[in-house]
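*Asks:* Please find one structure pasted underneath; my questions will follow.
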Amino acid sequence: MEEIMSVADLSTPLKFAYWVPNVSGGLVVSTIEQRTSWDFDYNKKLARIAEDAGFEYALSQTRYAASYGADKQHEATSFSLALLAATEKLKVIAAVHPGMWHPGVLAKFIITADHISNGRAAVNIVSGWLKDEFVNFGLEWLEHDERYVRTEEFIRILRGLWTEQGYTQSGKYYNINNFTLSPAPVDVPGRPHPEVFFGGNSTAAQATAGRVADWYFSNGKDLEGFKENIAGVQASAAEVGRRPRYGLNGFVIARDSEKEARDTLREIVEKAHRPAVEGFRDAVQEAGASTKDGKGMWADSSFEDLVQYNDGFKTQLIGTPEQIAERIVEYKKIGVNLFLTCYLHFQEEVAAFGTDILPIVRELEADAARKAGVDFDPGETLAGTLPSKAGV
C-alpha cells in the first residue's frame, strides 16, 4: 500500500485528455442518441473546444477492420496530424500498431508532425488484439506475449532514433544500423522526445510499460482495481530506475442530479447493440485467454462494462459535477496523473467539463496538497518529469 501511494503526485495538476471520435457510433456501443460525429469538421471544432476548456491531450483511435459497432473509421496518424494543424495548444496522440508500421518510418512521420505542430505530437503504441486485422492484411500474427517483445523493440527504436545520431539496434524483429534522422524532434524544454503512451492489463504488457513507456494507460477501473493494475508497471519500472506516469480511462456522465446521471447510464446499457457488444466480447476475451496467466484487457469485464469498449463505466465518473470532481481527486491520491475521458455528446460535454468540473477539481487538488504539506502549482507541467535518456 505504501509503495502504491508513493506514486501519487499531489503537487502537479492533473492532466485531461479525450478520446477522438474518429470512428462512427461514438464511444458506446448503443443505439442511444449520441450528438457526436466521426467526420473531420466535427472533430476539428471539438479539438478547439477541448483546448479552450483546459484539455491538454487528445487520443486518436486506431482501427482498420470494423469493430465494436463502428462501420466507418478514419486512420489515426493522418487524422491526428490534421487536428494538430487545426489547433495551437492541444497535444494529439496517434495510436499505432507495431507490425503495421516500421518503427523508423513512424519515427520520421512523428518528427514531421512534431515540427508542423511546434512540439505537440505523441504516440500511443498498441500491441494489437484484433487478429483479423493482421491476418486479413496478410501480416504476421504473433501470439500474445510475443507481441510485447516486438512492441518493446519498437518503442526502443523510436526513442533511439529521436534522441541519437547513428543509432544502432539489433533485435528479434527489427535491426537498425547506424541510422540518423534529421531533423530531430522539436526541442521542447523538459521533453526529451515525443511522448510514448502505452496500455495493456496483462503481465507482459505491464512489464513492457514499466521498462519503456513514458505513460501507462489503464482501462477503466475502480479505485482498488487501478492500484492493482499499476502494481506490475511500478515493479517493472523500479527495476530499471524509471518513473512512468499513469493515465486512466473514464466515461463521464455529468448531470444536475446523480439520479439523472444514473438514469442515463441505465438507458445506454438498455439500448446496447447486443450483437456488436457480444462480438467484441468474444474477440477481446480470446486475447486475454491467450496469455500465460489468463490476465489481460477485458478479462473480467461484464456485458455492461463492454458497452463502453474501454471499461469506462468502471471508473464511475457519473453524477453531479461535484461528485465527479471528488472522485477524480480520489484517483489522483492513488497515482493517476491523467484522465482519458469520453462522453455521449462530445462537443457540448467537453465544454461543460471545462466550465463545471475542472474548476472544482483544481480547488480539491489544492486542498489535498495543502493537507499533505506540499506545494501545488497549477501552472506546472508534467514534461519535466519524463525519463531523460534513451531506453530508460
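The values are calculated or read from the model by the stated rules, or taken from the named source; none is laboratory data. Note that this is a predicted model, so its numbers are computed, not measured. When we count neighbours, we look across all protein chains shown, and the Cβ atoms used for this are built from the backbone with ideal geometry, even at glycine.
*Asks:* Taking G190 as the residue in question, decide whether it is over 14 Å from the mean Cα position of the chain (by Cα), under 29 Å from V307 (Cβ atoms) and surrounded by fewer than 19 Cβ atoms within 10 Å (Cβ to Cβ).
*Replies:* Values: over 14 Å from the mean Cα position of the chain (by Cα): yes; under 29 Å from V307 (Cβ atoms): no; surrounded by fewer than 19 Cβ atoms within 10 Å (Cβ to Cβ): yes.
No.
*Asks:* Here's a follow-up. Of everything in the stretch 1-25 that's of a type in the set (G, A, S) and either outside any strand (DSSP E or B) or over 30 Å from Q73 (Cα atoms) (or both), which residue is modelled with the highest pLDDT? Show your work before the answer.
*Replies:* Within the stretch 1-25, the subset of a type in the set (G, A, S) is 6, 8, 11, 17, 24-25.
The next check asks that each one be either outside any strand (DSSP E or B) or over 30 Å from Q73 (Cα atoms) (or both); those that pass are 6, 8, 11, 24-25.
Values: S6: 63, A8: 92, S11: 96, S24: 93, G25: 90.
The selected residue is S11.
*Asks:* Return a yes/no flag: does the stretch 233-256 have any residue that is closer than 30 Å to L358 by Cα, among the charged types (D, E, K, R), modelled with pLDDT of 95 or more and more than 20 Å from the chain's Cα centre (by Cα).
*Replies:* yes
*Asks:* Limited to the stretch 207-236, what total is found for residues that are touching a helix residue (DSSP H, G or I) at 6+ places or on another chain (Cβ under 6 Å), part of a helix (DSSP H, G or I) and surrounded by 24 or more Cβ atoms within 10 Å (Cβ to Cβ)?
*Replies:* 4
*Asks:* Right, here's the next one. Name every residue in the stretch 280-333 that is modelled with pLDDT under 90, in contact with a Leu (Cβ under 9 Å, 6 or more places away or on another chain), small (G, A, S) and buried (at least 18 other Cβ atoms within 10 Å of the Cβ), in order of residue number.
*Replies:* The one that is modelled with pLDDT under 90, in contact with a Leu (Cβ under 9 Å, 6 or more places away or on another chain), small (G, A, S) and buried (at least 18 other Cβ atoms within 10 Å of the Cβ): A287.
*Asks:* Looking at (1) farther than 26 Å from I49 by Cα; (2) touching a helix residue (DSSP H, G or I) at 6+ places or on another chain (Cβ under 7 Å); (3) not polar (S, T, N, Q), which is the one condition that is false for L139?
*Replies:* So L139 meets the others, but not (2).
*Asks:* Now a separate question. Just to be sure, is A122 in contact with an Asp or Glu (Cβ under 6 Å, 6 or more places away or on another chain) and of a type outside the set (F, W, Y)?
*Replies:* Numbers: in contact with an Asp or Glu (Cβ under 6 Å, 6 or more places away or on another chain): yes; of a type outside the set (F, W, Y): yes.
Yes.
*Asks:* Can you pull out every residue in the stretch 230-261 that is of a type in the set (V, I, T) and out of contact with any strand residue (DSSP E or B) (no Cβ under 6 Å at 6 or more places or on another chain)? Full working, then the answer.
*Replies:* Within the stretch 230-261, the subset of a type in the set (V, I, T) is 230, 233, 240, 252-253.
The answer is V240, and nothing else.
*Asks:* While we're here: Quick test of your reading of the structure: V135 fulfils all but one of (1) among the β-branched types (V, I, T); (2) more than 30 Å from Y167 (Cβ to Cβ); (3) surrounded by 15 or more Cβ atoms within 10 Å (Cβ to Cβ). Name the failing condition by number.
*Replies:* That leaves (3) as the condition not met.
*Asks:* For the stretch 40-65, enumerate the residues that are part of a loop (DSSP other than H, G, I, E, B) and crowded, with 16+ Cβ neighbours inside 10 Å.
*Replies:* Applying the first criterion (part of a loop (DSSP other than H, G, I, E, B)) to the stretch 40-65 yields 54-56, 61-65.
Matches in the stretch 40-65: G54, F55, E56, Q61, T62, R63, Y64.
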